[in-house]
Amino acid sequence: MPVDGHKSLHELKVFLGAVRRRPSAMGAIVPSGPALAGMLALVAPTTGEPVVVELGPGTGAATRALRSRLPAGARHLAVELDGELVDHLRVAHPALDVIHGDAADLAKLLLDRGIEQVDAVISGLPWALFPESLQRTILGQVGDVLAPGGAFTTFAYVHALPLGNARRFRALLSDSFDEVIVTRVVWANVPPAVGYICRRPLVRANAG
Ligand SMILES: C[S@@+](CC[C@H](N)C(=O)[O-])C[C@H]1O[C@@H](n2cnc3c(N)ncnc32)[C@H](O)[C@@H]1O
């Protein structure tokens, strides 16, 4: 088996371990594939010294896509709730600044590192499993930290789009951002998914 095959098998085991430990925080049974991860990463600037943060990186599907895109001067952070996934990410991606914490505390976690604004937020969070209050809190935090001209991306599984939770979250995105673009379906992902690309936050957690 090629080296990459070993690596992905190891990542799959780490991911499944997290699903077993905390099914209600995962929302997927396999990591996002490279096609979806690559699409989510497209909002990250390729020049200058951008600051980019991932929410719920899991085993690092989007991390890899971001690393191959970000310029040398970039600052790349990730906020992950699960301690074992944090340990995995720190070994697998030494250049990534992995914060063991809750995306609901995003603004404070970044401020602790001297960061007030970021150019892009890329989310792998399982929104459909969150109560609406938590969805609102996290989107408000994203609104707090996103720089003017910055972008937020996340995704939803196509088979779940007609369900109440997914529809409510889609409506919440429109309440929270001036622009929400729904991408084409990424059929190459398991399961197929659409991306949401959001700009110009309308809602902030710490308005004022
Ligand atoms: C479906 S997995 C996505 C992993 C990866 N982004 C992907 O696309 O394969 C969801 C991830 O979000 C993390 N997570 C869930 N709730 C979180 C929270 N409140 N703050 C930070 N991470 C969270 C989980 O531990 C898990 O790693």
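The values are calculated or read from the model by the stated rules, or taken from the named source; none is laboratory data. Fair warning: this is a prediction, and the values are worked out from it, not measured in the lab. All Cβ positions, even for glycine, are placed from backbone atoms using ideal geometry, and neighbour counts span all protein chains on display. For accessibility, only protein heavy atoms count, side chains too; no ligands or nucleic acids. Shrake-Rupley method; radii C 1.70, N 1.55, O 1.52, S 1.80 Å.
Kindly evaluate residue 51 against the criterion of being touching a strand residue (DSSP E or B) at 6+ places or on another chain (Cβ under 7 Å) and open to solvent by less than 10 Å² (accessible area, probe 1.4 Å). Lay out the reasoning, then the answer.
Working: touching a strand residue (DSSP E or B) at 6+ places or on another chain (Cβ under 7 Å): yes; open to solvent by less than 10 Å² (accessible area, probe 1.4 Å): no.
In short, no.
The listed residues are 59, 63, and the only one of them that is within 12 Å of the ligand (Cβ to nearest atom), hydroxyl-bearing (Ser, Thr, Tyr) and in contact with an Asp or Glu (Cβ under 6 Å, 6 or more places away or on another chain) turns out to be 59. Per the conditions (1) aromatic (Phe, Trp, Tyr); (2) within 16 Å of the ligand (Cβ to nearest atom); (3) open to solvent by less than 10 Å² (accessible area, probe 1.4 Å), the sole criterion not satisfied by residue 130 is (3). Considering only residues in segment 143-159 that are among the hydrophobic types (A, V, I, L, M, F, W, C) and away from the ligand (no atom under 12 Å from the Cβ), the one that is nearest to the chain's Cα centre (by Cα) turns out to be 152. Taking the listed residues 69, 22, the one that is closer than 24 Å to residue 131 by Cβ, in contact with a Leu (Cβ under 9 Å, 6 or more places away or on another chain) and surrounded by fewer than 20 Cβ atoms within 10 Å (Cβ to Cβ) is 22, with no other qualifying. Filtering segment 161-170 for residues that are touching a helix residue (DSSP H, G or I) at 6+ places or on another chain (Cβ under 6 Å), at pLDDT below 95 and surrounded by fewer than 22 Cβ atoms within 10 Å (Cβ to Cβ) leaves a non-empty set.
Return yes when residue 98 is more than 10 Å from the ligand (Cβ to nearest atom) and of a type outside the set (S, T, N, Q) and no when it is not.
On the way: more than 10 Å from the ligand (Cβ to nearest atom): yes; of a type outside the set (S, T, N, Q): yes.
Yes: the conditions hold for residue 98.
Scanning segment 26-41 for residues that are without any contact (Cβ under 8 Å) to a residue 60 or more places away in the chain, more than 6 Å from the ligand (Cβ to nearest atom) and not in a helix (DSSP H, G or I) yields one hit, 29. For segment 190-200, the criterion of being open to solvent by 30 Å² or more (accessible area, probe 1.4 Å), over 14 Å from residue 138 (Cα atoms) and more than 18 Å from the chain's Cα centre (by Cα) is met by none of the residues.
Name the residues in segment 83-95 that are within 22 Å of residue 25 (Cβ to Cβ), more than 12 Å from the ligand (Cβ to nearest atom) and either of a type in the set (Asp, Glu) or without any contact (Cβ under 8 Å) to a residue 12 or more places away in the chain (or both), would you? Listed by number, the residues that qualify are 87, 90, 91. Taking the listed residues 80, 49, the one that is within 14 Å of the ligand (Cβ to nearest atom) and of a type in the set (Asp, Glu) is 80, with no other qualifying.
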